[in-house]
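Data block below; observations after.
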There are 2 protein chains.
Amino acid sequence: MDEYVDLLKTNDLKITHHRLAILKYLDDHRTHPTAEEIYQHLKKTNPGLSRTTIYNNLETLSDSHIIQRLTICPTEHRYDFNIGMHHHFICKECGDIIDVDFQCPTVSSIKKHVADQGHRIEEVHGYFKGICKDCLEKKRREQSE
Amino acid sequence: MDEYVDLLKTNDLKITHHRLAILKYLDDHRTHPTAEEIYQHLKKTNPGLSRTTIYNNLETLSDSHIIQRLTICPTEHRYDFNIGMHHHFICKECGDIIDVDFQCPTVSSIKKHVADQGHRIEEVHGYFKGICKDCLEKKRREQSE
DNA sequence: TTATTAAATTGTAATGATTCCAATTTAATA
DNA sequence: TATTAAATTGGAATCATTACAATTTAATAA
């Protein structure tokens, strides 16, 4: 838990119960949850919790680059405790977002290309859209019935 | 204009005035417009046009892969006439989306890696977030005042 | 420990993109 | 020209997110 305290301190953010709880939840659930999922979970042990607090803090934590906001989902934002550069796969069927554990060696040269145009890069995102393994298998089972 | 007719015919979609107008607008405006921008423009020459028609057709055209929907913007969808694989740069300041003309040679091997996990890939997206050249210059000018 | 203050939290209301739906119109076909 | 499935329409509904003003609290200094 001290790890989260340090993260907040380093970024000059006040240590609040909610922030620690949000960080712990995201650290424990690497499924790229939505604000609503986080809210529903934390509300159980903290009935007075406001949805706005979740939104405020997810923004604050994202702005401080303690977590990262994924905007690859068409309907809602998703949040990731892992701020290291990594790609994602998003399933059009079930909406799951899966980490792609494959470093792209070309990124640095593309970044250089973009920077050479005069733009300042702050984030790099790569993702694939399609149908995940589980949903494909479910479909196959349904068809062979 | 026949080009657009062919696109629709090939995909077994009815040839309607609105669809042709949407395709022409997207072809002429490679700025990745929003549904609202397209609606506002086409309404000028077609007052009876409904916003829902724009939404319906953008979905239909995206589903048929005649155009592509970009979901990289946190607040709204953007649409691209260019369905060829290409990356984007999105400015956090002005919201502009700029094409990145740089083919990533690594894509095929990452795709293979993801496919080997059992997932089916249908779309590939890469984008950078940051501050564009124009906004950087504007900021510099403001600071030196 | 206590007082101070800027920041965090709260709940409600507002926003705004998108979708839903039922009625009407139209493009494609026979 | 008649038929019909698909497209269009407009208004209502949805739902994630934001705005806001009042209240509470974490951090700091006395």
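The values are calculated or read from the model by the stated rules, or taken from the named source; none is laboratory data. Just so it is clear, the structure is predicted and the values come from calculations on it, not from any experiment. Cβ sites come from the backbone with ideal geometry, for glycine too, and all protein chains shown count toward neighbours. We work out accessible area using only protein heavy atoms, side chains counted, and drop any ligands, DNA or RNA first. Shrake-Rupley method; radii C 1.70, N 1.55, O 1.52, S 1.80 Å.
Provide the convex hull volume over Cα atoms per residue for the protein assembly as shown, in Å³.
Each residue corresponds to 206 Å³ of Cα convex hull volume.
Measuring with a 1.4 Å probe in the full set of protein chains, what accessible area per residue, in whole Å², belongs to the protein assembly as shown?
Accessible area per residue, the protein assembly as shown: 55 Å².
Rg and Dmax of segment B:1-81, using alpha carbons, in Å: what are they?
11.8, 35
Taking a point 7 Å out from Cα toward Cβ as the label site, list the nm distances between residue B:48 and the same residue in every other copy, smallest first.
Shortest to longest, the spacings are 6.0 nm.
Rg and Dmax in Å for segment A:85-145, alpha carbons only: what are they?
Radius of gyration, then largest Cα-Cα span, for segment A:85-145: 16.8, 57 Å.
Using 0.36 nm per residue of separation minus the Cα-Cα distance, give me the extension gain between residue A:25 and residue A:5 in nm, one decimal.
Contour length minus the Cα-Cα distance gives 5.8 nm.
Using unit Cβ charges (K, R positive; D, E negative) and no other charged atoms, how large, in debye to the nearest 20, is the dipole of segment A:74-145 about its Cα centre?
240 debye
Note down the nm distance, to one decimal, between modelled labels 7 Å out along Cα→Cβ at residue A:51 and at residue B:122.
Once both label points are built, they end up 2.9 nm from each other.
Can you give me the % of accessible surface on segment B:1-81 that is carbon or sulfur? Probe 1.4 Å, all protein chains present, nothing else counted. Let's see the in-between values first.
Details: 2070 of 4370 Å².
Accessible surface attributable to carbon and sulfur in segment B:1-81 totals 47 percent.
Let's see if you can work this out: charge +1 on each Lys and Arg Cβ, -1 on each Asp and Glu Cβ, no other charges. What is the dipole magnitude of chain B about its Cα centre, in debye to the nearest 20?
220 debye
Pull out a ≥ b ≥ c, the square roots of the eigenvalues of the alpha-carbon gyration tensor of chain B, then state rounded if a/c is under 1.5, prolate if not and a/b is larger than b/c, and oblate in the remaining case.
Oblate shape, in that a/c is at least 1.5 and b/c is the bigger or equal ratio.
Using the 7 Å Cα-to-Cβ label point, sort the distances from residue B:116 to its equivalents in the other copies shortest first and give them in nm to one decimal.
3.1
Taking the Cα centre of segment B:1-81 as origin, sum charge times position over the Cβ atoms of Lys and Arg (+1) and Asp and Glu (-1), and report the length of that vector in debye to the nearest 20.
Value, rounded to 20: 260 debye.
May I ask you to report, in nm to one decimal and beginning with the shortest, the distances from residue A:92 to the same position in the other copies, taking label points 7 Å along Cα-to-Cβ?
3.1
Averaged over B:111-122, how many beta carbons belonging to a partner chain fall within 10 Å of each residue's beta carbon?
Taking the mean over all residues of the peptide, I get 6.
If you take the accessible area of A alone, add that of B alone, and subtract the area of the pair, what total do you get in Å², probe 1.4 Å, to the nearest 100?
The A and B chains share an interface burying roughly 3500 Å².
Considering all alpha-carbon pairs of segment A:36-75, what whole percent are spaced by more than 11 angstrom?
67 percent
Counting helices only, and only those DSSP H runs with n ≥ 4, report the 222 nm mean residue ellipticity of chain B as the sum of -39,500 (n - 2.57) divided by its residues, in deg cm²/dmol to the nearest 500.
Working: 6 runs with 66 residues, N = 145.
Result for chain B: -14000 deg cm²/dmol, rounded to the nearest 500.
Calculate, in nm to one decimal, what residue B:136 and residue B:14 gain on full extension: separation in residues at 0.36 nm each, minus their alpha carbon distance.
Between residue B:136 and residue B:14, full extension yields an extra 39.4 nm.
Only Cα pairs within less than 10 Å get springs; with that Gaussian network setup on chain A, which residue of A:18, A:86, A:113 has the largest fluctuation?
A:113
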